[in-house]
Structures are given as structure tokens and as C-alpha cells.
Ligand code: URP
Ligand code: ZN
Ligand code: ZN
């Protein structure tokens with residue numbers, strides 16, 4: 001299949017120009033002005049629209065056994081939702097708990113995705129235990145194209161690693177050239193604060209944030225920085241929510257620690273008042289680290305604009321309100337942590353970032369696509385519009401106006417954290433490796449078109 005995208009406003013992380021893009025098969029083969037093609041070529045008129053590289057979400061959970069339940073999406077629902085929202089590549093956290101074998105877990109996560117994903121995908125491999133077998137198993141997984149690990153400094157005795165295991169994971173990662181993504185919170189302080197709050201009768205979702213204050217996250221980041229410094233490993237802090245945590249990472253960066261920072265869209269657009277809503281409504285906004293007070297938002301947008309924060313992901317972790325979030329009525333520590341967002345990251349970042357003048361278009365593309373491709377071994381195959389790159393393309397209509405609602409979203413959850421929010425723009429047409437998967441904002445594609453992306457260590 002050959003497709004010509006005509007007369008679009010092409011924006012990458014570095015360039016902003018008008019032109020035509022020829023996609024032959026799965027690849028971009030020509031970029032120019034006024035390209036002529038035969039009648040057998042499908043022409044998509046992109047006049048008045050932006051043409052972006054396919055967006056990459058570097059932090060999602062789809063299959064997730066967690067907090068006594070399972071995340072609600074599967075690849076069928078999540079990948080279609082992602083695509084309609086302009087995301088063409090998902091990096092899922094493959095999260096075995098401490099009792100599970102990593103290779104078996106990798107096979108399970110892969111089986112859930114292969115042949116069932118409408119968009120391309122890969123995994124960060126979580127290391128939740130490091131015993132005598134772990135090193136050879138992780139080497140096998142890296143040989144199968146997985147070039148990043150994940151560690152949790154929270155969720156003790158479930159996903160969480162002990163310090164000796166953290167050290168061994170980072171040392172191996174350094175040797176292999178694999179980057180380690182990390183959830184940074186101090187679990188000991190969380191447990192103590194949770195117990196104290198519950199003992200005082202403070203059981204509602206509004207007490208989730210006080211049980212995990214900024215100091216808990218900052219302590220986690222500081223801890224990771226010490227281990228990264230000692231091992232020389234390259235590390236990536238996931239879902240960074242607040243000013244002091246970013247500052248600790250930046251201080252480490254300036255003394256030579258190889259660290260990159262991710263934030264996620266909920267922290268940029270939501271504040272702690274959402275989790276403080278009455279009638280247990282706040283449970284919809286419980287995630288970890290928690291949504292912070294509004295003053296942190298200004299800092300995060302600023303750090304994003306100055307490219308101190310590399311990426312904006314979602315940490316998509318979808319749980320229904322009915323039956324799942326409700327497990328925590330009367331005890332906030334039992335509310336499954338996570339917010340469903342995979343469909344709306346790009347639109348929220350565009351509407352509440354670009355349209356508000358907080359970031360420019362190139363920064364938008366950089367933090368929602370290009371940096372993830374570079375950090376996780378996908379660039380220049382993904383993350384840009386260039387000859388030879390995969391034809392993953394989003395034709396974005398800045399004139400479209402919409403409203404987010406659970407009634408219309410494609411995610412499997414029964415609620416949206418952004419119910420009724422207006423959106424300025426939408427992904428009109430989305431190509432994945434040269435195939436039109438979304439047209440007029442509707443999924444029209446093949447639900448099994450997505451492929452596992454083989455990655456080589458690059459760090
Ligand atoms: O609240 C969150 N973030 N849920 C998903 C699991 C994780 O910690 O990323
Ligand atoms: Zn996490
Ligand atoms: Zn996560």
C-alpha cells in the first residue's frame with residue numbers, strides 16, 4: 001500500500017515546515033513539496049492539519065494484577081483507545097511480583113499482546129526479586145529485544161526490590177547497556193503514615209496524598225540517585241509528580257548521574273482537590289505518587305518547557321469505579337492505584353499545554369514521542385518523520401472541538417477522570433507502519449496489526 005499525505009504542516013521535535021510525505025509499505029520513503037504520484041496511490045489531504053510522528057507512551061499498564069484485582073483493559077481495548085488518541089507505540093510495564101519467574105512473566109505479558117494489539121508495543125521488564133537465577137533470565141529477556149528494566153522502590157514484598165537487589169539490577173543494567181526505569185517512593189515511611197492516618201479514623205481517598213507526601217517521593221528519588229551514582233547505571237524516574245523530586249534528580253544530573261525524568265499527564269492537569277472530592281468521588285483520582293497541589297503543576301510545565309523533564313507518559317492503570325475503586329471504601333490504602341488515561345494524553349497535552357502557550361509544538365512532539373524513542377532504543381525508526389522511519393503518522397486537526405467522556409471513550413473503565421473536559425483538536429487520521437488505523441477520528445483498522453518492537457541496549 002502506498003499513501004501520499006499531501007500539504008500537511010509537518011512538525012517533529014526539531015522541524016516545522018509544510019510538505020508532502022510518501023509512505024511505501026511500512027516506511028516513509030520521500031518527503032518533499034508538490035510530490036506527484038499515480039492513480040494507484042491513496043492521497044490524504046492534510047491541508048490545515050498538523051502532521052506529527054506517531055506518539056509513544058513509554059509507561060502504561062494493560063495486564064496488571066495489582067492490589068487484589070486486575071487492571072480493566074486488555075490489548076484490544078487499550079491499543080484502540082491509544083490509537084484514536086494518536087499513540088502508535090505503547091511501552092507496557094511487564095510486572096511480575098516477587099514470587100513469579102521473570103521469563104514466565106515475560107511470556108505471559110507477550111502472549112497477552114501478540115496478535116491482539118492494534119498498535120506497536122514493547123515492554124519494560126520489571127525486576128521484583130534478584131536471586132541466583134535472575135541474571136541469566138534477564139539476559140535471555142534482553143536478547144529477546146527488551147532493552148529496559150523497571151524497579152519499584154514502593155509496594156514492598158509485592159513488586160518492590162530490596163536494596164541489595166536494586167544494586168545488583170543496576171550493576172547488571174550498566175554492564176548490558178540497559179536503562180532502568182524506577183518508581184521512586186520510600187515504602188517504610190508510607191506504611192507508617194498509612195497506619196497512623198487509619199488509626200486516627202482518616203480513611204477516605206483524600207488521605208492518600210498525606211500518606212505519600214512529597215518527602216516520600218523525594219526520598220525515593222534521592223535513594224535511587226545514590227545507587228545510580230555508585231553503579232553508573234542509566235536510570236529513568238517514572239511518574240515524577242512534584243518540584244522537590246525533580247530538583248533532586250536535577251542536582252544528581254549536574255554531578256554526572258545518568259538520569260532522565262518522566263512526568264505523566266495527570267500531574268500536569270489535575271491537582272489534589274480532585275482526590276479530595278466528597279462521596280468517595282476522590283477515589284477516581286488515587287494514583288501513586290499522588291496528584292499534588294496546584295503549585296507543583298507550574299513547576300512541572302516549566303521543567304517540561306526547558307526540557308528538564310524528558311517525557312510525558314500516562315501511567316495508564318485502569319480500574320473501574322464500581323467494584324474496583326470501591327474496594328477501598330472505608331480504607332484508602334485498598335483503593336487500586338491508577339487513572340485510565342491512554343486515550344487522552346496527546347489531546348490533553350495539546351489542549352492544556354500547546355494551546356495555553358505552556359509548551360511549543362516541537363516540545364510537544366519531543367516529550368510525547370521523540371524522547372521516548374531515543375531513550376528506549378526506538379529512534380529513528382520511531383519518534384520522528386524522516387526518510388527510512390516507520391510510517392507511524394498522526395494527522396491532527398487543530399480545529400476539531402470535543403469533550404472527553406466515559407460514554408464515548410474506548411478504554412474499558414466505567415469512568416473518566418476528565419469527564420466533561422473540553423478538548424481543542426484531535427487525531428483525525430493515524431497510520432501505523434503505513435496502514436491507516438484511524439480515519440475521521442474513528443478506529444477503522446486491524447486489531448492485530450501491532451508488532452513487538454525489537455530493541456537493542458543503547459546506554
Ligand atoms: O498509581 C499507579 N501509579 N498505578 C500503577 C502502578 C504504578 O505504580 O505505576
Ligand atoms: Zn509506579
Ligand atoms: Zn506505572
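Derivation of every value follows stated rules applied to the coordinates shown; laboratory data play no part. Remember, it's a predicted structure, so these values are computed and weren't measured experimentally. Cβ: placed from backbone, ideal geometry, glycine included. Neighbour counts: every protein chain shown.
Okay, here's what the table says:
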read-out: Sites residue 250 and residue 295, calculated FRET efficiency, Cβ-Cβ separation with R0 25 Å, nearest 0.05; value: 0.90
read-out: Order of 93, 67, 253 under a 10 Å beta carbon neighbour criterion, fewest first; value: 253, 67, 93
read-out: Rg over Rh [alpha-carbon atoms, Kirkwood Rh] for the chain; value: 0.96
read-out: Contact order normalised by residue count of the range 21-158, Cα under 8 Å, 6+ apart, percent; value: 20 percent
read-out: Cα long-axis angle, helix 102-113 against the chain (0 to 90 degrees, to the nearest 10); value: 40 degrees
read-out: Per-residue Cβ neighbour rank within 10 angstrom, fewest leading, 63, 350, 299; value: 299, 63, 350
read-out: Relative contact order (%) - the range 79-122, alpha-carbon pairs under 8 angstrom, separation at least six; value: 61 percent
read-out: Degrees between helix 134-143 axis and first principal axis of the chain (Cα, 0 to 90, nearest 10); value: 10 degrees
read-out: At 1.306 mPa s and 10 °C, Stokes D of the range 244-296 from Kirkwood alpha-carbon radius, µm² per second; value: 125 µm²/s
read-out: Prolate/oblate/rounded label for the range 415-459 (Cα gyration tensor, a/c 1.5); value: oblate
read-out: Over the chain, relative contact order from alpha-carbon pairs under 8 Å, at least 6 apart, %; value: 23 percent
read-out: Evaluated at q = 0.16 Å⁻¹: base-10 log I(q)/I(0), Debye formula over Cα of the range 1-76; value: -0.67
read-out: Scattering curve values for the range 128-224, log₁₀ I(q)/I(0), Debye with Cα scatterers, q = 0.23 Å⁻¹; value: -1.13
read-out: CD proxy at 222 nm, helix term only [per DSSP H run n ≥ 4: -39500 (n - 2.57); per residue of the chain; nearest 500]; value: -8000 deg cm²/dmol
read-out: Folded to 0 to 90 degrees: helix 214-231 orientation relative to the chain principal axis, Cα; value: 80 degrees
